[in-house]
Amino acid sequence: MISTEVRTSGYSYRVLIGPGLLETVGDAIKEKLSPSRCAIVSDKNVAPLFARKIQKSLAASGFESTLITVPAAEQSKTLEQAGAVCEEMLRAGLDRQSFVIGLGGGVIGDLSGFVAAIFQRGVSHVQIPTTLLAMVDSSIGGKTGVNTNVGKNLIGAVYQPVLVIDDVEVLQTLPPRELSQGFAEIIKHAIIGDAEMFSMLQDVDFHKVDFAPLIRRNVEIKARIVAKDEFDRTGERALLNFGHTVGHGVERATDYQGISHGEAVSLGMIAACDVSMKKAGLPEKQRDMVVDLLQKFELPTKLPANFPRQKIFDALKFDKKFEHGEIRFVVTPKIGSAKLSRDVTMDDIHQAVEIL
């Protein structure tokens, strides 16, 4: 097992990475929390696979658990669904001493974290991500939240977990398309902060990946950035949104159906690279290397024919990275680094999307 640490201002938590960790979840949590009651928030795809094993481990360590399942889709990230989960927790008798476990992908982690932040004004949250994307990205850093009709993650809280448990064996249950989603965020981390990993990924066999050290490397990249700007105030943490401005617009344009988050981010990164060529001096050769690497991991680099691009533009004005109408866009001058630019115009973004 690999153990690494995420540190924020005055707070830290462990990320455990390795095989077979679901069987010892109870012991791992008991090192952080006293035996009490908890809610396991999961979805209807994941819960049948792993919930029983986790509940058995929790019971052996003195925890009493209630399983709460929601539909397996981005549509579950709503205020209504968060409220329904809280109501179910109250009916089950959970209180201020209870805690929440998020068992699932990024949607579940965001939803369960938000529930933990608001239930009884805040209870402990344990992340047990079951997708590669959630392990390398969304489970780290404490961003939780739900979507609204006008945009993604517009209601939420920065609420750090007390523990993250990454059992790499669960990745064996994922279809290739779901694994590809995770590589979108891994490639993003490489572009913004790890040129060596970008080079290494060019030689990785997509079907024979040693996941534990790769996950650790990505957790540590994100942890370093989060530590500098936990609450996204200085712009440092915004670097993690490389590709997400257009990516979130793509998701919103499809009403979160048909194109996954990782696929949307892949498309957003191509647009961001095109903007970076114009505004940050990114060499065209490096832009093409990004395209090639995304394609290697079976990620899209072109929008489907007749895609409603105007809906992407309509969603942009609700992007959280725009301040007082001023665009803050993450660009990369070269692979391995990124910066927040205020020189990017809406026309620049439009041009990048039009050729996407």
**Fill in**
Selection from region 196-212 of residues open to solvent by less than 50 Å² (accessible area, probe 1.4 Å) and part of a helix (DSSP H, G or I) yields Met197, Phe198, Leu201, Phe211, Ala212
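In the set Glu64, Glu31, Glu87, Glu80, which member is in contact (Cβ under 8 Å) with a residue 12 or more places away in the chain and on the phi < 0 side of the Ramachandran plot?
Details: Glu31 fails: in contact (Cβ under 8 Å) with a residue 12 or more places away in the chain; Glu87 fails: in contact (Cβ under 8 Å) with a residue 12 or more places away in the chain; Glu80 fails: in contact (Cβ under 8 Å) with a residue 12 or more places away in the chain.
Selected residue: Glu64, the only one of Glu64, Glu31, Glu87, Glu80 that is in contact (Cβ under 8 Å) with a residue 12 or more places away in the chain and on the phi < 0 side of the Ramachandran plot.
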**Asked** From the set of residues in region 218-250 that are free of Cβ contacts under 8 Å to residues at least 24 places away in the same chain and part of a helix (DSSP H, G or I), which is surrounded by the fewest Cβ atoms within 10 Å (Cβ to Cβ)?
**Response** Lys228
**Item:** Complete set of residues in region 260-290 that are within 17 Å of Leu316 (Cα to Cα), among the hydrophobic types (A, V, I, L, M, F, W, C) and either in contact with a helix residue (DSSP H, G or I) (Cβ under 6 Å, 6 or more places away or on another chain) or open to solvent by 10 Å² or more (accessible area, probe 1.4 Å) (or both)
**Value:** Ala264, Val265, Leu267, Ala271, Val275
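Here are Gly281, Gly336: which of them is more than 28 Å from Val209 (Cα to Cα), modelled with pLDDT of 95 or more and in a loop (DSSP other than H, G, I, E, B)?
Numbers: Gly336 fails: more than 28 Å from Val209 (Cα to Cα).
Only one candidate qualifies: Gly281.
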**Item:** Matching entry among Ile165, Ile215, Ile186 (being under 30 Å from Lys30 (Cα atoms) and either part of a helix (DSSP H, G or I) or free of Cβ contacts under 8 Å to residues at least 40 places away in the same chain (or both))
**Value:** Ile215
**Request:** Would you check which residues across region 107-124 are touching a Pro at 6+ places or on another chain (Cβ under 9 Å) and open to solvent by 20 Å² or more (accessible area, probe 1.4 Å) and list them?
**Result:** Ser124
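Do we have Phe206 as aromatic (Phe, Trp, Tyr), farther than 21 Å from Asn241 by Cβ and over 15 Å from the mean Cα position of the chain (by Cα) here?
Values: aromatic (Phe, Trp, Tyr): yes; farther than 21 Å from Asn241 by Cβ: yes; over 15 Å from the mean Cα position of the chain (by Cα): yes.
The answer is yes for Phe206.
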**Request:** Enumerate the helices (runs of 4 or more DSSP H) found wholly within region 33-148, keeping only those where 2 or more residues are within 26 Å of Val265 (Cα to Cα) and at pLDDT 95 or above.
**Result:** 79-91, 106-118
**Request:** From the list Ala238, Ala227, pick out the single residue that is closer than 30 Å to Gly18 by Cβ and of a type in the set (Gly, Ala, Ser).
**Result:** Ala227
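The values are calculated or read from the model by the stated rules, or taken from the named source; none is laboratory data. Treat the numbers as computed from the prediction; the structure is a model and nothing was measured. Ideal geometry is used to build each Cβ from the backbone, glycine not excepted, and the neighbour counts take in all protein chains shown. Note: areas computed on protein heavy atoms with side chains; ligands, DNA, RNA excluded. Shrake-Rupley method; radii C 1.70, N 1.55, O 1.52, S 1.80 Å.
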